[in-house]
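Visitor: Okay, handing you the structure first.
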DNA sequence: TGCTAGTGATTGCAAAACGCAAGTACAGAG
DNA sequence: CTCTGTACTTGCGTTTTGCAATCACTAGCA
């Protein structure tokens with residue numbers, strides 16, 4: 001993707017940061033499924049490959065959506081956590097989920113979060129936000 | 001982008017359709033700026049190239065987001081209009097705009113729609129929807 | 001001490017997608 | 001019957017993916 005540098009349009013600004021087919025999958029894992037380790041992202045159903053995961057994590061850190069927390073003397077402790085800028089994507093992700101829910105006939109409605117999204121979106125957001133008390137303002 | 005065929009996740013479903021860096025720009029032009037002709041999409045600030053525009057329009061038609069209306073005996077009359085499936089993306093686009101507005105310091109707030117989005121989003125959506133009475137159910 | 005497994009990446013290479021410029025086919029204007 | 005405008009398509013070089021293999025390091029175990 002060509003970086004469009006500075007844009008006057010908020011949509012293009014957003015797309016330049018996470019408008020590729022993988023970044024939002026990672027952010028979904030962070031925000032919805034509370035994943036934080038490289039190995040957890042790799043384990044997703046979508047089977048992202050290691051080099052792409054590595055590149056995306058890095059660009060999301062650079063864009064200020066994730067912070068990388070490295071353990072001392074052990075790489076296995078490395079984790080990625082969202083910033084407030086990422087937490088503010090909840091409305092976007094929920095809007096996308098509503099749309100996908102409406103049009104994707106293969107959606108797995110047995111996943112608890114799907115029910116919750118329809119029944120009580122605000123409550124769901126509040127519950128998920130509590131996973132990030134450490135980073136939220 | 002690899003087509004992930006059938007997915008159980010509504011987000012991945014959505015990304016497979018418009019999760020590339022250009023499709024949403026086109027949809028923005030259709031939904032927000034009421035563009036309908038090839039030449040109008042080409043004129044956007046983002047300078048999409050002709051082959052990519054052509055390919056994206058085609059894939060959005062295939063995905064059921066746009067319909068292509070061809071004039072009889074004159075290609076200059078060809079136009080692209082959104083389906084209900086595309087109109088249902090308004091909440092997604094508005095959510096993205098809110099986020100971009102918050103974090104993009106270069107947003108041009110003198111564009112009237114930006115003010116309107118903050119002041120009266122629902123009213124804005126209703127007003128824009130009236131552009132599509134011909135296609136909406 | 002050595003061996004094995006797990007983790008967070010990086011590298012190499014083929015395949016796909018993109019970006020740009022040029023060209024094509026057709027309609028209407030003059 | 002040229003000239004302009006429009007909706008594409010084609011060629012081609014560059015960039016970005018996708019996949020497998022590999023690396024560097026740590027911990028666990030004997």
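Every number here is computed from the coordinates shown, using simple stated rules; none is lab data. Just so it is clear, the structure is predicted and the values come from calculations on it, not from any experiment. Backbone-built Cβ (ideal geometry, glycine too); neighbour counts: all protein chains shown.
Visitor: Report the full-extension gain for the segment residue A:40 to residue A:133: residue separation times 0.36 nm, less the Cα-Cα distance, to one decimal in nm.
Guide: Numbers: separation 93, 0.36 × 93 = 33.48 nm, distance 2.07 nm.
So the extension gain works out to 31.4 nm.
Visitor: Need one value for A:20-27: mean number of C-beta atoms belonging to other chains within 10 Å of its residues' C-beta atoms. Present the calculation step by step, with values, prior to reporting the outcome.
Guide: Numbers: counts 5, 11, 3, 2, 5, 6, 0, 1.
Rounded to a whole number, the mean comes out at 4.
Visitor: Taking each pair of distinct Cα atoms in segment A:11-67 once, what is the resulting Kirkwood hydrodynamic radius in Å?
Guide: 11.4
Visitor: Per-residue Cβ counts within 10 Å, from other chains only, averaged over B:122-130: what number is that? Walk me through the intermediate numbers first.
Guide: Numbers: counts 0, 0, 0, 0, 0, 0, 0, 0, 0.
Taking the mean over all residues of the peptide, I get 0.
Visitor: Additional query: Hey, got the average number of other protein chain Cβ atoms within 10 angstrom for residues in A:37-46?
Guide: On the way: counts 0, 0, 0, 0, 0, 0, 0, 2, 5, 7.
That average works out to 1.
Visitor: How far, in whole Å, is the nearest Cβ of chain B from the axis relating it by rotation to chain A, and which residue carries it?
Guide: Whole-Å result, nearest residue of chain B to the axis: B:95, 2.
Visitor: A follow-up question, please. At q = 0.11, 0.13, 0.14 Å⁻¹, what is the log10 ratio I(q)/I(0) for the protein assembly as shown, with the Debye formula run over Cα points and no solvent?
Guide: Reported log10 I(q)/I(0), two decimals: -0.65, -0.92, -1.06.
Visitor: OK, next. Exposure proxy check: A:122, B:118 ranked by fewest other beta carbons within 10 Å? Don't jump to the answer; show the numbers that get you there.
Guide: Values: A:122 8, B:118 13.
By the 10 Å Cβ count, ascending: A:122, B:118.
Visitor: Sticking with this structure for a sec: Provide an ascending nm list, one decimal, of label-point separations from residue A:126 to the equivalent residue in each further copy; define each label point as 7 Å from Cα along Cα→Cβ.
Guide: 2.9
Visitor: Expressed as a rounded percentage, what relative contact order does chain B have, with Cα pairs under 8 Å and six or more residues apart?
Guide: On the way: 97 pairs, mean separation 26.6, N = 137.
It comes to 19 percent, rounded to a whole number.
Visitor: Report the FRET efficiency, 1/(1 + (r/R0)^6), for residue B:54 and residue B:84, where r is their Cβ-Cβ distance and R0 is 30 Å, rounded to 0.05.
Guide: Details: r = 24 Å, r/R0 = 0.81.
Once the sixth-power term is evaluated, E becomes 0.80.
Visitor: Okay, next question. If the elastic network links every pair of Cα atoms under 10 Å, which of B:107, B:78, B:50 fluctuates the most in the Gaussian network model of chain B?
Guide: Looking only at B:107, B:78, B:50, the biggest GNM fluctuation is shown by B:107.
Visitor: Classify segment B:1-105 as rounded, prolate or oblate from the Cα gyration tensor: take a ≥ b ≥ c as the square roots of its eigenvalues, call it rounded if a/c is under 1.5, otherwise prolate when a/b beats b/c and oblate if not.
Guide: Details: a/c = 1.76, a/b = 1.28, b/c = 1.37.
Judged from the Cα gyration tensor, segment B:1-105 comes out oblate (a/c at least 1.5, b/c at or above a/b).
Visitor: Now a separate question. Hey, for residue B:42 with labels 7 Å out along Cα-Cβ, what do the inter-copy distances come to in nm, ordered shortest first?
Guide: 4.7
Visitor: Restricting to DSSP H runs of at least four residues, report the calculated mean residue ellipticity at 222 nm for chain A, -39500 (n - 2.57) per run over all residues, nearest 500 deg cm²/dmol. If you can, show how the numbers build up before the last one.
Guide: Numbers: 8 runs with 71 residues, N = 137.
Mean residue ellipticity, 222 nm, calculated: -14500 deg cm²/dmol.
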